[in-house]
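The values are calculated or read from the model by the stated rules, or taken from the named source; none is laboratory data. Since the structure is predicted, the reported quantities are computational estimates derived from the model, not experimental observations. Every residue, glycine among them, receives a Cβ derived from its backbone with ideal geometry; neighbour counts consider all protein chains shown.
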Ligand SMILES: Nc1ncnc2c1ncn2[C@@H]1O[C@H](COP(=O)(O)OP(=O)(O)OP(=O)(O)O)[C@@H](O)[C@H]1O
């Protein structure tokens, strides 16, 4: 099954307490994947929180497959097939790998089972009886992704999944994410790492000052040092 999911964000304004953080975000995902890149404080995590209903939208709209998500509760948004792998993974220290996964199984019908997660991440199978606080950063990230996949999402949002991980583990995660569209799952990946963001998706949106400053192809961004310097303050070459 190919993904046909469409996420359309328009005029989205979000505050953190009294502080306005998102100032009219315009964003469209209608292919298998989109990366959002931006510097610290650009508003990427705030956008993720608004998409899953953890922060209220002050103004604007978030439509997913034609359904308005703004104003809905997080569990209701999850029920629409939107799932997140949060920044920092949020693995429970006192639950085993297996307990984490079994907790999430069966919430929405679909192809993902605990056994399939173990097949995709054999390291998790080896660690199935270990507690969350006994896992390495990479194992925690695999668990966080496996847990999210067990909700059989139509849209999987990942907030800086590569943070603190070795390149080999990141490459494995990219490979897994790259195959999700075959199950009808689209990927919205938020990154600070230029290589990871541009490898994960063909299109990238650059966030700056609480707005989407530019949408371009990953290849164009990867090859253009000037764009990288201007929007991200880094250069790949
Ligand atoms: N809990 C909070 N309360 C108040 N302001 C916050 C809170 N969290 C973030 N902010 C502010 O909101 C703005 C955007 O932060 P956000 O975390 O969304 O950016 P980001 O692009 O995800 O950056 P990072 O990669 O550092 O997480 C920043 O100015 C930040 O100081």
_Top-ranked residue in the stretch 88-98 [being under 19 Å from the mean Cα position of the chain (by Cα) and buried (at least 16 other Cβ atoms within 10 Å of the Cβ); ranked as farthest from residue 135 (Cα to Cα)]_ = 89
*Could you please let me know if residue 182 is away from the ligand (no atom under 13 Å from the Cβ), within 20 Å of the chain's Cα centre (by Cα) and exposed (fewer than 14 other Cβ atoms within 10 Å of the Cβ)?*
yes
*What is the number of the single condition among (1) surrounded by fewer than 22 Cβ atoms within 10 Å (Cβ to Cβ); (2) in a loop (DSSP other than H, G, I, E, B) that residue 42 does not meet?*
(1)
*Among the residues of the stretch 159-172, is any assigned to a helix (DSSP H, G or I) and in contact (Cβ under 8 Å) with a residue 60 or more places away in the chain?*
no
*What about residue 116, is it within 30 Å of residue 234 (Cα to Cα), away from the ligand (no atom under 16 Å from the Cβ) and not in a loop (DSSP other than H, G, I, E, B)?*
no
*Looking at 12, 7, 51, which one is in contact with a helix residue (DSSP H, G or I) (Cβ under 9 Å, 6 or more places away or on another chain), at pLDDT 95 or above and over 30 Å from residue 101 (Cα atoms)?*
12
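Per-residue answers, yes or no, for (1) closer than 28 Å to residue 28 by Cβ; (2) in contact with a helix residue (DSSP H, G or I) (Cβ under 6 Å, 6 or more places away or on another chain); (3) surrounded by 14 or more Cβ atoms within 10 Å (Cβ to Cβ):
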| position | (1), (2), (3) |
| --- | --- |
| 66 | yes, no, no |
| 86 | yes, no, yes |
| 100 | no, yes, yes |
| 109 | yes, no, no |
| 122 | no, no, no |
| 141 | yes, no, yes |
*Does residue 59 satisfy the criteria of being surrounded by 14 or more Cβ atoms within 10 Å (Cβ to Cβ) and either within 16 Å of the ligand (Cβ to nearest atom) or more than 17 Å from the chain's Cα centre (by Cα) (or both)?*
no
_Only listed residue being touching a strand residue (DSSP E or B) at 6+ places or on another chain (Cβ under 8 Å) and closer than 15 Å to residue 81 by Cα, chosen from 22, 7_ = 7
*Residues 77, 84: which one is part of a strand (DSSP E or B) and either within 16 Å of the ligand (Cβ to nearest atom) or farther than 30 Å from residue 231 by Cα (or both)?*
84
*Restricting attention to the stretch 21-39, and to residues there that are surrounded by fewer than 17 Cβ atoms within 10 Å (Cβ to Cβ) and within 14 Å of the ligand (Cβ to nearest atom), which single residue is nearest to residue 6 (Cα to Cα)?*
23
*Scan the stretch 45-55 for residues that are outside any helix (DSSP H, G or I) and within 14 Å of the ligand (Cβ to nearest atom) and jot them down.*
52, 54, 55
